[in-house]
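The values are calculated or read from the model by the stated rules, or taken from the named source; none is laboratory data. Model, not experiment: these values are computed from the prediction. No Cβ is skipped: glycine too gets one built from the backbone with ideal geometry, and neighbour counts run over all protein chains shown. Side chains are part of the model used for accessible areas, which takes the heavy atoms of the whole protein and leaves out ligands, DNA and RNA. Shrake-Rupley method; radii C 1.70, N 1.55, O 1.52, S 1.80 Å.
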Amino acid sequence: MRRGETFRWIGACLGQLAAAAALVVASIVDGPAALLLRAVPWLDTAFWPAEGAIRVLGLLAAVELVVRARRTARRHWWRRQRFDRAPGRPFPIPLDQRDADLEILRSMIRISRTYPAPAIRLFGQILLDPARYQVRITDEVRQVDECLRVSVSTTFSSAPDDLAGLREDAVVGTPGASGPGHASTVSTTRPAPGGPTAGGQRTGTASALLTRPAVPQDRRTGPGDPGDPAGRSDNPAGPPADPAGGTQHPPVMLIPMILSTKGAMLDNVETFDGAGDPVPFLSQEDARGVVAHVLRQLFRETFGEAVHAVEERRHDAVLFALLRLVFQAGRVSVADADAYFDRNVAPIRDSADDIALRRLRGVCSFLVRNYVVIAEVLPPDGYAWILRYTKTMPVYGRATSPRGRRRVRLGLAPNTFVIPLNLPFTTTSYHFRMRAGANTYVKVHSVQLAQSGASVDQAAIRDMSDRAYLRVRHRQALPYAHLYARRFDTCRDPADLVMEVVFDEVPPGALGLTSWLAALSALVITLLALLVPNNDGSRISGDVLAFLLAISPVAATFVGYSMEKLQRSSLTTFAGLVATGATSLVAALLYVQPSPGWLLAHPTVPLLGQIRVNLGVFAVGVVGGLVAAYLFFRLRDELHHYVDLLRDVEHPGTGRPGELS
C-alpha cells in the first residue's frame, strides 16, 4: 500500500459517514425540508407530497452513503491484511513423457537397491489387502485448544511366511546364496547403453530395464539384495562385505501408514511404534518407487510375462502409461482416470485376466486420487506389531451444519463433530473414542451417509454385509463417545459413511442458572413497574437505575464464571443471557424517560387499593417472564432426558427400538 493511501481511505470513509449523518438530521429535524420547498416552489405540486418525499429521499440517500462507507472500509481493510501476498496453490509441474518415465525409473532403482525384495512384497500385500494384516484400529480424538488431536493406533498381524524372508535377509550370508526367489531383484547403478539416459526409446527402452532376465548367481551381490528392477548389476563387486565374506541387509519393513487424498495437507503428523519410539517416513520419491514396484508386479499378474521383444515393448509402454497416470500431480476425476486406463490398456487387453484387470483398474483409480505415506519399521520379534500416528485437525473444520456455524460465529465452542468413517473398511476390528469436556456428556452419536445425511440403521448395515457389526455407546450419559465396528472389510459395496457426535452440558448447568436469573430479572422489573414511583421528570432514582443495569452483568458473572463453561453452553443459554440483558436495559431506559399519561394506569388491587402502574415497564417484565418460562421448559426437557439416560444405564434394554446401541 502506497504512503498516504491509508489517510485517503479513512478520510473518504469519514466524509461519507458525516454526509449521511447530516442527511439524517436534515430529514428528521423540522425546518430543512421547509427551507428547500421555499427555495424550489415547483416541488410542491399535487402529484408530489413534497415535504414527506424529501424526508424519505434524504433517509434513503443517508442509507446509500452508509453502504458506500462500509464498502470503502471493507476494501481498505482487505488491502491492509495483505491476503494477496500468500503464495496460493502450487501449479502442476509439467513433465514430458521422457522425463516422467526417467523419474519413475530412478525411484524404482533406488528402492530396489535400498530395500530387500521381501520388504517390498510385504508392503504390496498390506496395501492391496489391508484387512488381512490390520486386525485392529483404535481411533482416539481429543480436543486440544482450537484443534482436534487424532491418534490412530493400528495392530498388524502376519503369517510366519510373510516375515520369513525378512528375517533370512537380516542374517549374514555368502554370495550366491540368494536363491531363485531373488532372480529379478539385483541392484544396478546406471541403465545400459541405449537406455533412457543414452537417447533410447522413451518408454520401451527405459522400461526394458524392468524386464531383462536376471544375471547368473555368481554375478549377484548377496542374499536378499533387492537390487534394481532390471534384475542385473553393473557392479560385480556388489555392496561392501563384512569380514566373514558375506553381505547383510538391515532388517526393515515398509508399512503403508496413512492413505490421504491428493492435495490435502496433513498437519503435525507424528508416527511411533508400539514402544513409543519415533518411526521415519519415506520421502515422496521413495514412496513413489515402492508403489511403482507393487503396480509392476500387479501388472505382470494381470497380463503375464511378455514372450517376444515386440510384445515386451508394448507391455512396457502400457505399464509406464499407467504409472504416469498414478503419479501425476493434482487430482484427476474417476471418469477421466478410467477412460485413460481403458484407452491405454486396449492394445493388450486380450491377454489379460478379467478379474485381475478389474483389480488393477480399481487400484489405479484409487492411487490417482490418493497417495500413500510409508513408514520404515523394524520387524517384530513375533508376528504382531503396533504402529501409531497422530495428526491435528482444526475444530472449525468439523462445524459443518448451520447450527454449528452459528455457534462458531457467536464465539461458542462447537459441540457437534462430523468425522469420516473410512478406517473400518480396512480392518477387521475398529474402535473410535472421543472424550467430551468437563461437565458434558454424549447427547447424540449417530452414523450417516456422507452425501445425503440419512441415518444408517442396522438394516442398512446388514445390506452392506451379513458379517458387518456396528455398535455405539449411546443413550448412556457417558462423558465419552465409543463406536465399535467389526468385519466391515467384508462389505460388498462400501458406503461413504460419517459419524456425528453431539456433546451437551450436564443439566442443569449454565442453562439452569440462566433460567433462574431470567426469572429473577423478570420479577424485579415487574415489581418496579408496580411498586417503585415512576419518573415524573423532576427526579430519577439512581438506586433503581443501578439495580436495573446491574442485573445483566450479574447474570453473566454467575453463568459465565468460567469462560470455558460459557463457551460450551447451548445456544439457548446464550440467547437467554442476551434476552435478560436486553430486558434490563429496556426497563432502565423506560424508567429514565418521563412516562406519558397513556402509559400510566391506576388499577385497584385487593388489599393494596389503587396503585400506579407503568405499563411500559410492566410489558417488559411480562416479556422477561415469557423468556424465563421458555428457559424453564427447555431445562425441564433436558433434565428429564438426562435422567432417562441414567435409568437406561441402570436398567439396560429399555432404549428405543431401532437404535444402534
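Against the test of being at pLDDT 80 or above and within 16 Å of VAL586 (Cα to Cα), the options PHE618, PHE633 yield a single qualifying residue, PHE618. Taking the criterion of being more than 24 Å from PRO479 (Cα to Cα) and part of a strand (DSSP E or B), the only residue of the range 447-468 that qualifies is LEU449. Taking the listed residues ARG435, ARG486, ARG467, the one that is open to solvent by 40 Å² or more (accessible area, probe 1.4 Å) and within 27 Å of ALA575 (Cα to Cα) is ARG435, with no other qualifying.
Can GLU311 be described as of a type outside the set (Lys, Arg), open to solvent by 10 Å² or more (accessible area, probe 1.4 Å), assigned to a helix (DSSP H, G or I) and in contact with a helix residue (DSSP H, G or I) (Cβ under 7 Å, 6 or more places away or on another chain)? The answer is no for GLU311.
Residues that are in contact with a helix residue (DSSP H, G or I) (Cβ under 8 Å, 6 or more places away or on another chain), at pLDDT 90 or above and open to solvent by 20 Å² or more (accessible area, probe 1.4 Å) do occur in the range 153-163. Within the range 493-514, the residues that satisfy the criterion of being part of a strand (DSSP E or B) and not charged (D, E, K, R) are LEU497, VAL498, MET499, VAL501, VAL502, PHE503. Selection of the range 340-355 for residues being of a type outside the set (A, V, I, L, M) and in a helix (DSSP H, G or I) yields TYR340, PHE341, ASP342, ARG343, ASN344, PRO347, ARG349, ASP350, SER351, ASP354. In the set (1) surrounded by fewer than 17 Cβ atoms within 10 Å (Cβ to Cβ); (2) under 31 Å from the mean Cα position of the chain (by Cα); (3) in a helix (DSSP H, G or I); (4) of a type in the set (Lys, Arg), ARG358 fails one condition alone, (2).
Sort through VAL368, VAL444 and tell me the only one that's in a strand (DSSP E or B) and either at pLDDT below 90 or open to solvent by less than 20 Å² (accessible area, probe 1.4 Å) (or both).
Step by step, each of VAL368, VAL444 is checked, and only VAL444 is in a strand (DSSP E or B) and either at pLDDT below 90 or open to solvent by less than 20 Å² (accessible area, probe 1.4 Å) (or both).
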